[in-house]
Amino acid sequence: MSGAAAARLGMGSMIFGLLIYLFYGYCMYKIFQKAGREDAWAAIVPIYNIIVLLDIVKKPIWWFILFLIPFVNLYASWVVNDRLAKAFGKDTPVYTILLFFFGFIFVPVLAFSNDKYDSSRIPNDQ
């Protein structure tokens, strides 16, 4: 492969990755809006989007540290996905499993569905 072809492939991959990031950010933006957040723009800001998501699912900000620890981050992500699903009326464990393993499909489904956010569905166990 020539240098020019490699550069085009690299640039194409970078643009594709950016488009995926922007789409996922837009989906999170819609979820943040449904949750009544005025700072829904935070969905596209790295790190801050996790802090806002933790607030939406009623977890303390220090949980952000859990996302930085290998293997512990899987547990933290599972809990956040479970609580997010419950907030939108998806109480079945199946939806949590799908959201955890296939988030690239089910985050947009959650974002563009007619489901309403209700914080009273989330257990208050901070």
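Tabulated results
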item	result
Under 16 Å, Cα to Cα: Lys pairs in the chain, sequence gap 8 or more or different chains	9
Cα Rg, Dmax, the chain, angstrom units	16.5, 58
Per-peptide average of other Cβ atoms within 10 Å, ordering 66-74, 81-89, 18-26 highest first	81-89, 18-26, 66-74
By average C-beta atoms within 10 angstrom, highest first, the peptides 99-107, 30-38	30-38, 99-107
Contact order relative to length of the stretch 22-121, as percent, for alpha carbon pairs under 8 angstrom and 6 or more apart	29 percent
Table column - 3J(HN,Hα) (Hz), the stretch 69-82, Karplus curve with 6.51, -1.76, 1.60, x for Gly and Pro	9, x, 6, 5, 4, 5, 5, 4, 5, 4, 5, 5, 5, 4
Equivalent ellipsoid semi-axes - Cα gyration tensor, the stretch 63-119, angstrom	21, 12, 10
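No lab work stands behind these numbers, since they all come straight from the coordinates. Since this is a predicted model, take the numbers as computed values, not measurements. Every residue, glycine as well, gets a Cβ built from its backbone with ideal geometry; the counts of neighbours run over all protein chains shown.
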